[in-house]
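Below you'll find the structure, written out as structure tokens, and then a few comments.
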Amino acid sequence: MPQPYHLWPDLEIDGSPLSGPGESLLEQVVVDHHQHLPSMFAITFRDPARDVIGQLNVNIGSTVSIKVTPPGGTPETLIKGEVTGFEAEYDASSLRTILRGYDLSHRLHRGRNTQTYKNVTDSDIVRQVAGNANLPLGQIDSTSVTYDHVSQANQSDWDFIKSRAREIGYEMGMDDGNFYFRQPVQASNAPQNGDYQSHSDPLQLVFGDDLIEFRPRVTSAEQVSTVNVRGWDPDQKQLVVGSASAATV
């Protein structure tokens, strides 16, 4: 069975560690990571005097960093983001205030845009869009194909970049507060056969230890042996046909 242990979060608001009365009123910290959406945090404080927001000197847009330190380890960052809302929960037994926010990629979800890009690569587009949203840039892997014309048609910046990443097999998101657009790690770097009883490798899950429940499923739905793609080359004015066989990933 897994060994239970307690983790106390290390919080920083606008670069200052949470301490004093604010720390003593801290009740709960929730961090929710999602592969296809901005990561979220919710910080709950007991607030009997209804003055936690003033004590913390926190505002909409305040930066938040949440870290935890595993037993015998070093601090690990769970999320870096900004406050996007305040919530209050008042009932007969308690008064609570909740700070809620997201990592900075939530800015890419603000509205829908129509934009045209000319003579650019995908990495050029990403740098421009992320820069417009004031996102700190992390690993941006350069792409080689230059497009004469790319259209963003009534899409959010997130959906637009996501579609570009999907077209070329890249991944995107936030890592330690920085936006990345990169090639994924190759499957050949995964744990090899015979190593699945490791209790120290965080990439391995051991059933009965850190893996409590496992329900695999294999399906033949939407499986094909080959894929054919047809297009048109406007410069050469001729049909372009591509074909690929299915492979095991």
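Scan VAL150, VAL83 and give me the residue that is over 15 Å from GLU12 (Cα atoms) and not hydroxyl-bearing (Ser, Thr, Tyr).
Testing whether each residue is over 15 Å from GLU12 (Cα atoms) and not hydroxyl-bearing (Ser, Thr, Tyr) leaves just VAL150.
Looking at segment 167-189 only, could you name the residues that are touching a residue at least 60 places away in the same chain (Cβ under 8 Å) and loosely packed, with under 11 Cβ neighbours inside 10 Å?
Listed by number, the list holds a single entry, ALA187.
Tell me which residues, restricted to segment 127-144, are in contact with a Phe, Trp or Tyr (Cβ under 8 Å, 6 or more places away or on another chain) and of a type in the set (Lys, Arg).
Listed by number, the list is empty, since nothing qualifies.
Just one of GLY72, GLY54, GLY85, GLY61 is of a type in the set (Gly, Ala, Ser) and under 15 Å from ASP32 (Cβ atoms); which is it?
GLY85
Sort out which residues of segment 132-166 are exposed (fewer than 12 other Cβ atoms within 10 Å of the Cβ), touching a residue at least 24 places away in the same chain (Cβ under 8 Å) and over 22 Å from GLY111 (Cα atoms), and write them in order of number.
GLN139, VAL145, THR146, ASP148, HIS149 - these are the residues of segment 132-166 that are exposed (fewer than 12 other Cβ atoms within 10 Å of the Cβ), touching a residue at least 24 places away in the same chain (Cβ under 8 Å) and over 22 Å from GLY111 (Cα atoms).
None of the figures in this text is laboratory data; all of them are computed from the coordinates on show. The structure displayed is predicted, hence computed values, not measured ones. Virtual Cβ from ideal backbone geometry, glycine too; neighbours counted across all protein chains shown.
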